[in-house]
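A short worksheet on the structure shown next.
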Amino acid sequence: MADLVKLQENLKKRGFAVSFFETSAEADAYLAGKLAGKTVGFGGSMTVKEMGLPDALAQAGATLVGHWYGNTHEEAAAAPVYISSVNGAAETGELINIDGTGNRVASTIYGHEALYLVFGVNKVEPTFEQALWRARNIASPKNAQRLGRKTPCAVKGDRCYDCNSPERICRALGVLWAPPKGIGHVEAVIVNETLGL
């Protein structure tokens, strides 16, 4: 069982803004209230999709930018606000993403007025090493399977094989030890539900 109090305390010590919600509906309402009328970029987050967050933001008058909405990764990266999930979160305060194209990793490091990292409790591990292991050996194989990639991890679904497949989706690693200086507001939005991969 994840120590969510420890996670929140350590994220705050590292300089992240932190919000916590028991349900996706509460998190959706919070973010829709904060981002009404804003232009919001997205990567391909299954967490965000499962929550129904894009619908909540659209109903609040936000403009959604991302490849799910017919835009390019570059257009999403140019949005003033960016929303992503994480592949792993450590109770010690590190937030981890692994990416194939690099659009999510890049957009969580630079280029926005505000960044919201939304994730469920299933992403939380006690240490940085365990969170990185989770990102590589749980999230990445499940994402490769979801995308129908021809990789060893997608075939077996059990771990990362550090393969050389041209369809490999784990090509870039991003770790946030603290909010990047170039982004005005960086907030971890934690939902007490199992969300995403």
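Each reported figure results from applying straightforward, stated rules to the coordinates on display, with no laboratory input. Note that this is a predicted model, so its numbers are computed, not measured. Glycine gets a Cβ as well: all are built from the backbone with ideal geometry, and neighbour counts include every protein chain shown.
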* Cross-link partners among lysines for Lys181, C-alpha distance below 30 Å, same-chain residues fewer than 8 apart left out? -> Lys6, Lys12, Lys13, Lys34, Lys38, Lys49, Lys123
* Cα centroids of segment 142-183 and segment 10-79: how far apart, whole angstrom? -> 22 Å
* To do: Once every Cα of the chain carries one equal point scatterer and solvent is ignored, give the base-10 log of I(q)/I(0) from the Debye formula at q = 0.08 Å⁻¹, two decimals.
  => -0.24
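Summing +1 for each Lys or Arg and -1 for each Asp or Glu, what net charge is found among the other residues whose Cβ lies under 13 Å from the Cβ of Glu9?
Numbers: positive: Lys6, Lys12, Lys13, Arg14; negative: Asp3, Glu91.
Combined, the nearby Lys, Arg, Asp and Glu give +2.
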